[in-house]
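Remarks on the structure that follows.
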Amino acid sequence: MSVFDPHTQRAALRRSWTMNAEAWTTAVREQAIPSRRVATDAAIVAACNRLIDGRRDVRVLDVGCGEGWLSRALAGLGARVTGMDASAPLIDVARATGDGPEYACVAYEALESDASVLPGPFDLIVCNFALLDDRVSALLSALARRLPASGVILVQTVHPWAAVGDGPYEDGWRTESWGAFGKSFPAPMPWYFRTTGSWLAAGREARLVVDRLEEPIHPETRKPLSLLLELC
């Protein structure tokens, strides 16, 4: 059971994405994160491409878009993309990259509390390693309200078996020190570890059905790197 105060952890999580914006942008653009480089970036693009299916009118919301790499990739597939993130420095970087997607600096809490914020509807909502705190079901519920009847929420998250490390296999706050990324990150990042069962329960609490579950694996070790959940 976590001994961390959730309010303190959420505030530190938000601050970390402001403080680490430059280092994160460099890590993403230099492909310095091994799991993303070998499997998970391609996995999320492939899953989105399958759902977009060549249609030119698909409206996509990229939640927690960061510096915008996925938003740009999906715009390249012909989708009408809005990228959103709570980190103003990351949104500034995304906007400076060029034409294509639209971007908005929006806190997740605003999506939960105000239906007029990025109201959609969006045919596809993508959360790529973007659900990092202890309140997942409320945000998923708010996102579901922005879908049409045929809409899909696609979530990619660290695979619990890969991320558990030496800690217990139970929900709780952990700390990412960024040491494995080979870059200088100014601030550690609190994040909330969830078991596979906990992810499925969060979907049920949001009254969503897991229509598809994939587990992208490392091409050499054959170990799982992430969970990909298709919710509708």
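The values are calculated or read from the model by the stated rules, or taken from the named source; none is laboratory data. Small disclaimer: the values here were computed from a predicted structure and weren't measured. Neighbour counts run over all protein chains shown; Cβ positions are idealised from the backbone, glycine included. To get the accessible areas, we keep the full protein, side chains included, count just its heavy atoms, and leave off ligands, DNA and RNA. Shrake-Rupley method; radii C 1.70, N 1.55, O 1.52, S 1.80 Å.
Key figures
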{"read-out": "Highest average packing first - 63-72, 111-120, Cβ atoms within 10 Å", "value": "63-72, 111-120"}
{"read-out": "Neighbour net charge for SER16 - beta-carbon separation under 12 angstrom, K R +1, D E -1", "value": "+1"}
{"read-out": "Long-range HN-HN contacts of GLU176 with modeled amide H, under 5 Å", "value": "MET189, TRP191"}
{"read-out": "Histogram of C-alpha separations across the stretch 130-203, 5 Å bin width, %", "value": "3, 13, 22, 21, 16, 12, 8, 4, 1"}
{"read-out": "Contact order relative to length of the stretch 1-134, as percent, for alpha carbon pairs under 8 angstrom and 6 or more apart", "value": "25"}
{"read-out": "Accessible area in square angstrom per residue, the stretch 1-144, 1.4 angstrom probe", "value": "44"}
{"read-out": "Cα shape, the stretch 106-169, gyration tensor, a/c 1.5 rule", "value": "prolate"}
{"read-out": "Principal axis dimensions, the stretch 35-77 - Cα atoms, whole angstrom, descending", "value": "31, 20, 15"}
{"read-out": "Share of carbon and sulfur in the accessible heavy-atom surface of the chain [1.4 Å probe, %]", "value": "52"}
{"read-out": "Coarse-grained scattering of the stretch 1-155 at q = 0.15, 0.17 Å⁻¹, given as base-10 log I(q)/I(0) from a Debye sum over alpha-carbon atoms", "value": "-0.80, -1.04"}
